[in-house]
Amino acid sequence: MIVMKFGGTSVEDAAAIERAAAIVKGRLPQKPVVVVSAMAKVTDQLLAMGSAAGAGDRETALKLARSLRERHYNTAGELLGTGIFTRFHSELEADFDSLDELLRGITAVGELTPRTSDLVAAYGELLSSKLATAAFSARGLDATMVDSRECIVTDGTHTRATPLFEDTNHQLRERLQPLLNAGRVPVMGGFIGSTKAGVTTTIGRGGSDFSAAIVGAGLGAERIEIWTDVDGLMTTDPNVCAEARRIKVISFDEAAELAYFGAKVLHPATVLPAVRNNIPVYILNSRNAACEGTRITARAPHCRNFFKAIAAKKRITIVDVAAPRMLLAHGFLKAIFEAFDRHRVPVDVVSTSEVSVSLTVDSNESIPALAADLAKLADVKYEGRKAIVCLVGENLRETPGIAARVFSELQDVKIRMISQGASEINLTFVIEEDAVPEVVRRLHKTFFSDVDPEVFA
Ligand code: ADP
Ligand code: ASP
Ligand code: MG
């Protein structure tokens, strides 16, 4: 069997869902399980509704819910014949009525907890998976919707829950295998799951890729296909640099590094279940299905270019912690990391000197409280609007002088931190957010003007 995951833009409207149906139809002999994201932008809108309701603004919350309702009704109307649409419409109506009720409840309580936020966010994938199932069925596919909350079992860390693989794998086999054996096409929503007690959870933004990998690993898929709106994993974000080239093949390690440092085409957690089970992952374009996309495999082929790709991650804050003399002793770093841990703020890049430590974190609202906590140990400064730029490639391991090449291109750029990652395949540095487009374009020109045709398209 294979897993086919369609991202938000690949199910964004009737035309996109039609394309997805045709692509799935072409893969029927391979026994696909389909995983869909919410329609494009829907998760953002649901979270906005939840926040409005939590802030007591019922009008805004319900107004947003109305426009979401219209969009789903209209898409269903375009995709389904009148007879089917009438039946399906009442199903959608019931879902949207219960969403409205939930939003009223949140307004009444006047607080949006992470647990309730997950309940609201889950509507996106529940609705899109129902819609896709109905549309696929109307196009002659024997599609069955499977509620992911019956399969993906997670812990209770709402908004970024961790899957419990043993329970999940058991559930996946139990629910999906009989459908596949009967020649059906299971359609599931990505991103959502539930605790053992049946409480709805979500596994982090962009998590539908991860869902696809969990399903693929649980069922021993031959391949996992991530269908998106670009031709594959590119040498850099094609929306930042029009010269970006398609990477034909890349290693799991390289792809994981890129995803972690901002190439949002793939969720960083996706790679792990695939690696563990040695399942190749393909990134493919649902608007250009004939393109062979990117294949992610255990080992990278030899490549003439220094790097495979450049990623950039914006909205970064640098936290500088300078030790007062007496705390230079061992235990200082431990105390710092414990503070980050207490505030549940994950750290990306670290650089240390004799007397100070600089760390980068995704900008978020916990930083002031974290800084206040750290101030008990040391002098603390923090500054936002930074970006991490990361160059990735297996060749970094062996080739001397690469860093010099990179930084000689950037002599006029203010570089705040540099780290040549422990993984040995990334070179990472931190700059001002505003400088990202220019820096990425310049590095791209230097390192990708002439590419190895075996590896890049
Ligand atoms: P989906 O909704 O299908 O999950 P995403 O928006 O999450 O799609 O990811 C696809 C987007 O990732 C592309 O439109 C592109 O702008 C962005 N992106 C960033 N870096 C890269 C890269 N190196 N290669 C391809 N796409 C990238
Ligand atoms: N719909 C979710 C999000 O927007 C998950 C996903 O699309 O991967 O974050
Ligand atoms: Mg995505």
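Scan the stretch 207-232 for residues that are closer than 20 Å to ARG276 by Cβ and within 15 Å of ligand 1 (Cβ to nearest atom) and jot them down.
GLY207, SER208, ASP209, PHE210, SER211, ALA212, ALA213, ILE224, GLU225, ILE226
Run down ARG184, ARG175, ARG245 and say which single residue is in contact with a Ser or Thr (Cβ under 6 Å, 6 or more places away or on another chain), under 23 Å from ASP142 (Cα atoms) and of a type in the set (D, E, K, R).
Answer to the check: ARG184.
Which number in (1) open to solvent by 20 Å² or more (accessible area, probe 1.4 Å); (2) not in a helix (DSSP H, G or I) marks the one condition that ASN395 misses?
(2)
Hey, can you tell me all the residues within the stretch 365-385 that are under 22 Å from the mean Cα position of the chain (by Cα) and either touching a residue at least 24 places away in the same chain (Cβ under 8 Å) or open to solvent by less than 10 Å² (accessible area, probe 1.4 Å) (or both)?
The answer is ARG385, and nothing else.
Yes or no: ALA40 outside any helix (DSSP H, G or I), modelled with pLDDT of 95 or more and surrounded by fewer than 23 Cβ atoms within 10 Å (Cβ to Cβ)? Steps first, please.
Working: outside any helix (DSSP H, G or I): yes; modelled with pLDDT of 95 or more: yes; surrounded by fewer than 23 Cβ atoms within 10 Å (Cβ to Cβ): yes.
The answer is yes for ALA40.
In the set ILE226, ILE247, which member is of a type in the set (Val, Ile, Thr), crowded, with 23+ Cβ neighbours inside 10 Å and within 16 Å of ligand 2 (Cβ to nearest atom)?
Step by step, each of ILE226, ILE247 is checked, and only ILE226 is of a type in the set (Val, Ile, Thr), crowded, with 23+ Cβ neighbours inside 10 Å and within 16 Å of ligand 2 (Cβ to nearest atom).
Hey, among the residues in the stretch 179-213 that are within 16 Å of ligand 3 (Cβ to nearest atom) and part of a loop (DSSP other than H, G, I, E, B), which one's most open to solvent (accessible area, probe 1.4 Å)?
Among those that are within 16 Å of ligand 3 (Cβ to nearest atom) and part of a loop (DSSP other than H, G, I, E, B), it is ARG205.
Check GLY50, GLY8, GLY54, GLY26 and return the single one that is small (Gly, Ala, Ser) and within 9 Å of ligand 2 (Cβ to nearest atom).
Just one listed residue meets the conditions, GLY8.
Checking ILE388 against (1) at pLDDT 95 or above; (2) within 25 Å of the chain's Cα centre (by Cα); (3) loosely packed, with under 15 Cβ neighbours inside 10 Å: exactly one of these is not met. Which one?
Of everything listed in (1) at pLDDT 95 or above; (2) within 25 Å of the chain's Cα centre (by Cα); (3) loosely packed, with under 15 Cβ neighbours inside 10 Å, ILE388 misses just condition (3).
VAL230 passes all but one of (1) of a type in the set (Val, Ile, Thr); (2) more than 16 Å from ligand 3 (Cβ to nearest atom); (3) within 17 Å of the chain's Cα centre (by Cα); (4) assigned to a loop (DSSP other than H, G, I, E, B); which number fails?
For VAL230, the failing item is (2).
Tally up the residues in the stretch 276-319 that are open to solvent by less than 30 Å² (accessible area, probe 1.4 Å), within 16 Å of ligand 3 (Cβ to nearest atom) and either among the β-branched types (Val, Ile, Thr) or more than 26 Å from VAL349 (Cβ to Cβ) (or both), please.
Result for the stretch 276-319: 8.
The values are calculated or read from the model by the stated rules, or taken from the named source; none is laboratory data. For clarity, every value in this text was computed on a predicted model and none was experimentally measured. Positions of Cβ are generated from backbone atoms using ideal geometry, with glycine treated the same way; all protein chains shown enter the neighbour counts. When the accessible area is computed, the model is the full protein with side chains, heavy atoms only, and any ligands, DNA or RNA have been set aside. Shrake-Rupley method; radii C 1.70, N 1.55, O 1.52, S 1.80 Å.
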